[in-house]
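Participant: Below is the structure I would like to discuss, written out as structure tokens.
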Amino acid sequence: MIRQEDADALALPERTLDMALAAGAGEAEVLVMREDGALTRFANSEIHQNVAQRDVAVNLRVVLGKRVAVFGGA
């Protein structure tokens, strides 16, 4: 079974591509990267600190006539 957040992440590139083409791009390419990380620190054999982080970055390359533009961010 796929989690809702994973389904949303899979739908992100398709929505981004649809928006770029609707805005007039002749061609478009979308790259979505997701990274999950976690860290647990122990002190005196007990959990002292536990943190988790998820980063998502989207890069979009569009072609308008003879021009190419690249947009990227997190």
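Participant: For the chain, take the alpha-carbon Rg, divide it by the Kirkwood Rh, and send me Rg/Rh.
Facilitator: Details: Rg = 18.4 Å, Rh = 14.9 Å.
Here the Rg-to-Rh quotient is 1.24.
Participant: Helix-only estimate, please: 222 nm mean residue ellipticity of the chain, summing -39500 (n - 2.57) across DSSP H runs of length 4 or more and dividing by its residues, to the nearest 500. Working shown, then result.
Facilitator: Details: 1 runs with 19 residues, N = 74.
That calculation yields -9000 deg cm²/dmol at 222 nm.
Participant: Which percent, nearest 5, of DSSP beta bridges in the chain are antiparallel? Display every interim value, and only then the final one.
Facilitator: On the way: 24 of 24 bridges.
Rounded to the nearest five, the antiparallel share is 100 percent.
Participant: Counting only heavy atoms of the protein chains, get the accessible area per residue of the chain (1.4 Å probe) and round it to a whole Å² value. Walk me through the intermediate numbers first.
Facilitator: Details: 6170 Å² over 74 residues.
Dividing the accessible area of the chain by its residue count gives 83 Å².
Participant: Tally up the carbon and sulfur contribution to the accessible surface of the chain as a whole percent, 1.4 Å probe, everything protein left in place.
Facilitator: Answer for the chain is 54 percent, counting heavy atoms of protein chains only.
Participant: Another one. Given the Cα-Cα distance of L31 and D8 and 0.36 nm per residue of separation, how much length would full extension add, in nm?
Facilitator: Details: separation 23, 0.36 × 23 = 8.28 nm, distance 1.47 nm.
Gain on extension, L31 to D8, equals 6.8 nm.
Participant: Then there's this: Using the crude model of +1 on Lys and Arg Cβ and -1 on Asp and Glu Cβ, and no other charge, please compute the dipole size for the chain relative to its Cα centre, in debye to 20. Don't skip to the end; give the middle numbers.
Facilitator: On the way: 8 positive and 11 negative charges, 62 e Å.
So the dipole magnitude of the chain works out to roughly 300 debye.
The values are calculated or read from the model by the stated rules, or taken from the named source; none is laboratory data. Everything quoted here is computed from the prediction, not taken from an experiment. Note that we place each Cβ from the backbone using ideal geometry, even for glycine, and neighbour counts take in every protein chain shown. When the accessible area is computed, the model is the full protein with side chains, heavy atoms only, and any ligands, DNA or RNA have been set aside. Shrake-Rupley method; radii C 1.70, N 1.55, O 1.52, S 1.80 Å.
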